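Colleague: Quick one: the structure is below, questions incoming.
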Amino acid sequence: MDADITIIGAGVIGLAIAEKISENYGNLFVIEKHLTFGQETSSRNSEVIHAGIYYPEGSLKARLCVEGKSLLYDYCKKYEIPYKNCGKLIVATTNEEIGVIKGIKETASRNGVDLELIDGEKIRELEPNIFALEALYSPSTGIIDTHSLMKRFETNTRNNGGEIVYGSEVTGIRKLDKGYEITLLDTDKNPYSFSTGIIINSAGLASDKVAEMAGISDEALRIHFCKGEYFRVIPPKNHLVNRLVYPVPHPNMEGIGIHVTIDMAGGVKLGPDVKFLDSNVYDYKTTPSKQESFWRSARKFLPFLEFVDIAPDMAGIRPKTQRKGDPARDFYIMEESERGFKGLINLIGMESPGLTSCIAIAKYVDGLIKKCSHN
Ligand SMILES: Cc1cc2nc3c(=O)[nH]c(=O)nc-3n(C[C@H](O)[C@H](O)[C@H](O)COP(=O)(O)OP(=O)(O)OC[C@H]3O[C@@H](n4cnc5c(N)ncnc54)[C@H](O)[C@@H]3O)c2cc1C
């Protein structure tokens, strides 16, 4: 074999896996089509370290988010990655929503996440400028500088002897008697093939396409692009909130509602909204005409906000296996021996909380490699 292990995709999850696995395997490659890491979903998200509040008990999302959150905080301290454990409020602005947040507290507690129910007075103490009747306070939520995190994963992978190859797009995967042959187009668009024992498909928005290249075509694993746009709060009103502030989420969890996030540079963003795209196109355009609806959603709990205080910011695309209107789906992380593809590990539908979970996901994938090497 030319490689023991090949990881396809250098987003935050592919790189977290690369760092973990390069500790134990010498001959490891990461193949990334862009000229550097994190050019897709990993640099177009809210950069929130989620607590693990909403996900169904026992799901991979719940388990890996809760474990990943602690691992990520420890990692940030160890490697001096900029982060802030700022906390988050989930705000009820109507009487009906008070009942809903009590339900959220119970789901969170089943996931091992403690939330505090706080009244109007305590809310005003924490965030004097917002409006809420009652709120849940999540002390373990935070924010992180994702670029610095990915840079550290990249550096550690290389220091461990792993090779990261940029500007190379995987275009074909052929199963061999043992292992796989991968074909790629290099930076000059010339085809190049090599063999590998194990493939880790961490190709984000294209992870279903990569699985298909290997021969796995499953309607349940098809990615549906789901765009999320942000507006930013313009100074001086960007200093009026100190924590993340979320509304009560929509029942089918297509998204968790237009919320307020702060970033490490002191910016305040509203969003993301939720829009399933008709086809899987990489459409990162922002829509200035959405300003009215963003403003109206946010104004329910940010009464100081005027229409002119916000401006279009950026957009990201969620790689959902869930179709529009369907219930939320879990991460799909699978070593595919049962489908006849030993040593192929697919990560599909790695939407939020993928960033928060990345180090726990890397541990989980390491476990799958060890298990499949012993069988
Ligand atoms: C709007 C939005 C907000 C979010 N907010 C949060 C949040 O606050 N907290 C949180 O925990 N998570 C959040 N997420 C989720 C998080 O961003 C993702 O889970 C995470 O970034 C996924 O990382 P990844 O490495 O799987 O994918 P990506 O970052 O998409 O990386 C995949 C890589 O694979 C490469 N690739 C694809 N096909 C090929 C090929 N054929 N050959 C070579 N390379 C290939 C791509 O170029 C890309 O670099 C959010 C997501 C979105 C869209």
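The values are calculated or read from the model by the stated rules, or taken from the named source; none is laboratory data. Bear in mind the structure is a predicted one, so any value in this text is a computation, not a measurement. Glycine gets a Cβ as well: all are built from the backbone with ideal geometry, and neighbour counts include every protein chain shown.
Colleague: Within segment 331-339, identify whether any single residue is closer than 30 Å to residue 237 by Cα and surrounded by 22 or more Cβ atoms within 10 Å (Cβ to Cβ), and answer yes or no.
Modeller: Scanning segment 331-339, I find no residue that is closer than 30 Å to residue 237 by Cα and surrounded by 22 or more Cβ atoms within 10 Å (Cβ to Cβ), so the answer is no.
Colleague: Which residue pairs have Cβ atoms under 7 Å apart, sit 6 or more places apart or on different chains, and have a first residue in segment 169-187 that is within 15 Å of the ligand (Cβ to nearest atom) and a second that is outside any strand (DSSP E or B) and of a type in the set (Lys, Arg)?
Modeller: Short answer, once both residue conditions are applied: 169/33.
Colleague: Next question. Go through 68, 9 for me and flag whichever is within 19 Å of the chain's Cα centre (by Cα), within 7 Å of the ligand (Cβ to nearest atom) and among the small types (Gly, Ala, Ser).
Modeller: 9
Colleague: Run down 303, 288, 327 and say which single residue is exposed (fewer than 13 other Cβ atoms within 10 Å of the Cβ) and under 26 Å from residue 126 (Cα atoms).
Modeller: On inspection, the qualifying residue turns out to be 303.
Colleague: I want to confirm something. Restricting to segment 84-100 and keeping residues that are under 24 Å from the mean Cα position of the chain (by Cα) and buried (at least 20 other Cβ atoms within 10 Å of the Cβ), which single residue is nearest to residue 262 (Cα to Cα)?
Modeller: If we take residues in segment 84-100 being under 24 Å from the mean Cα position of the chain (by Cα) and buried (at least 20 other Cβ atoms within 10 Å of the Cβ), then 88 is nearest to residue 262 (Cα to Cα).
Colleague: If I filter segment 47-55 for residues that are modelled with pLDDT under 95, surrounded by fewer than 23 Cβ atoms within 10 Å (Cβ to Cβ) and not in a strand (DSSP E or B), do I get at least one hit?
Modeller: yes
Colleague: Let me ask something additional. From 315, 328, grab the single residue that is modelled with pLDDT under 95 and within 14 Å of the ligand (Cβ to nearest atom).
Modeller: 328
Colleague: For residues that are assigned to a loop (DSSP other than H, G, I, E, B) and near the ligand (Cβ under 6 Å from one of its atoms), scanning just segment 13-37, find the one that is surrounded by the most Cβ atoms within 10 Å (Cβ to Cβ).
Modeller: Ranking the qualifying residues of segment 13-37, first place goes to 32.
Colleague: I need a count of the residues in segment 61-83 that are touching a residue at least 40 places away in the same chain (Cβ under 8 Å) and either within 25 Å of residue 300 (Cα to Cα) or surrounded by fewer than 17 Cβ atoms within 10 Å (Cβ to Cβ) (or both).
Modeller: 2
Colleague: Follow-up. If you scan segment 213-228, which residues turn out to be part of a helix (DSSP H, G or I) and either more than 11 Å from the ligand (Cβ to nearest atom) or of a type in the set (Ser, Thr, Tyr) (or both)?
Modeller: Hits for segment 213-228 are 214, 219, 220, 221.
Colleague: Being touching a strand residue (DSSP E or B) at 6+ places or on another chain (Cβ under 7 Å), closer than 19 Å to residue 266 by Cα, basic (Lys, Arg) and touching a residue at least 60 places away in the same chain (Cβ under 8 Å): is that true of residue 88 here?
Modeller: Yes.
Colleague: Here's something else I'd like to know. Can you tell me which of 112, 103, 99 is touching a helix residue (DSSP H, G or I) at 6+ places or on another chain (Cβ under 8 Å), at pLDDT below 95 and not β-branched (Val, Ile, Thr)?
Modeller: Only one candidate passes the filter, namely 112.
Colleague: Tell me, please, whether a residue that is more than 16 Å from the chain's Cα centre (by Cα), more than 13 Å from the ligand (Cβ to nearest atom) and not in a helix (DSSP H, G or I) can be found in segment 350-366.
Modeller: No, there is no match, as no residue in segment 350-366 is more than 16 Å from the chain's Cα centre (by Cα), more than 13 Å from the ligand (Cβ to nearest atom) and not in a helix (DSSP H, G or I).
Colleague: Looking at segment 198-212, which of the residues that are assigned to a helix (DSSP H, G or I) and closer than 17 Å to residue 15 by Cβ is farthest from the ligand (Cβ to nearest atom)?
Modeller: 207
Colleague: Just wondering, is there one or more residues in segment 294-301 that are out of contact with any Phe, Trp or Tyr (no Cβ under 6 Å at 6 or more places or on another chain) and over 28 Å from residue 98 (Cα atoms)?
Modeller: No, every residue in segment 294-301 fails to be out of contact with any Phe, Trp or Tyr (no Cβ under 6 Å at 6 or more places or on another chain) and over 28 Å from residue 98 (Cα atoms).
Colleague: Right, next: Failed condition for residue 130, given (1) hydrophobic (A, V, I, L, M, F, W, C); (2) in contact with a Leu (Cβ under 8 Å, 6 or more places away or on another chain); (3) modelled with pLDDT under 95, with all others met?
Modeller: Condition (3) is where residue 130 drops out.
Colleague: If residue 76 satisfies all but one of (1) under 23 Å from residue 369 (Cβ atoms); (2) more than 10 Å from the ligand (Cβ to nearest atom); (3) under 19 Å from the mean Cα position of the chain (by Cα), what's the number of the condition it fails?
Modeller: (1)
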